[in-house]
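Laboratory data are not the source of any read-out in this text; all were calculated from the coordinates shown. Fair warning: this is a prediction, and the values are worked out from it, not measured in the lab. All Cβ positions, even for glycine, are placed from backbone atoms using ideal geometry, and neighbour counts span all protein chains on display.
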Amino acid sequence: MADQLYLSVWFPNFRFADLPARTVAVLRQFARIGGLPRVAAAAAYPVSFAEPPVYSRVYVLDKRAMEGPGADDSLIENAVAECMELLHEDTAYEFEMKWQLWTYEAPVAGLDAAWAFDEESELWEDDDARADAAKYIKENVEMLLAFTLSVEKHCGVSSRLLWTESGEPLAEKLVARLQKLN
C-alpha cells in the first residue's frame, strides 16, 4: 500500500468559526491544481481519528450522479458545509478528493506498458516502470509542490508541513524513488 501524503496548515489569528471557510479555500486550491472540483468523501471524527466517525459520507462521482438529484452535494462548498454542520472543537474533519496523476500501467495480455493520466492513481508507480518514468513522476511531484505553494500563497497560511503517514522524510523518499529509475 502506498504511503499517504498529508498537508498540515496553520493560519495566523485563526478563529474556530473560520474553519469551514478556510477548509473550502484549501480544497479549492486542490481542485485548481489538477484535482476534481468535488469532494469524494467527507468524515468527522470525535476527539481523534481512532474513534468512529460521527459523520461520514461517500459521494458517487460518475456522470449519472452528476446529473441527478443531489448532484450539487459533492461540490466543495456544499460538502464542507454539510460535514461541518455541527462544528465542534473536539472534532477532526477529513475530506477526500480525486487528483489526476500519471500512473504506470504494466503490460497485460500482450498490450504494451503505458503511462495514463488517471484521477484515482497514486503518486508511486510499480518497480517495472520504463526509463521515461522519471518524467512522469517529476510531473506528479511538480503538481504536489504547486498545490502546497498555491495553498500558502492564496489561503493566508502562516506555515505548512507536507508529511507522510509513515513518518519518513518525503524528500528522501522522492530522491530514492528517482534514483531507482536512473
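Brief remarks follow.
- Estimated inter-spin distance, Arg15 and Arg160, nm [label 7 Å along Cα→Cβ]: 2.5
- Computed from the C-alpha gyration tensor, the three semi-axes of the ellipsoid equivalent to the range 2-43 are 20, 14, 11 Å, from longest to shortest.
- The per residue volume of the convex hull around the alpha-carbon atoms of the range 1-81 is 146 Å³.
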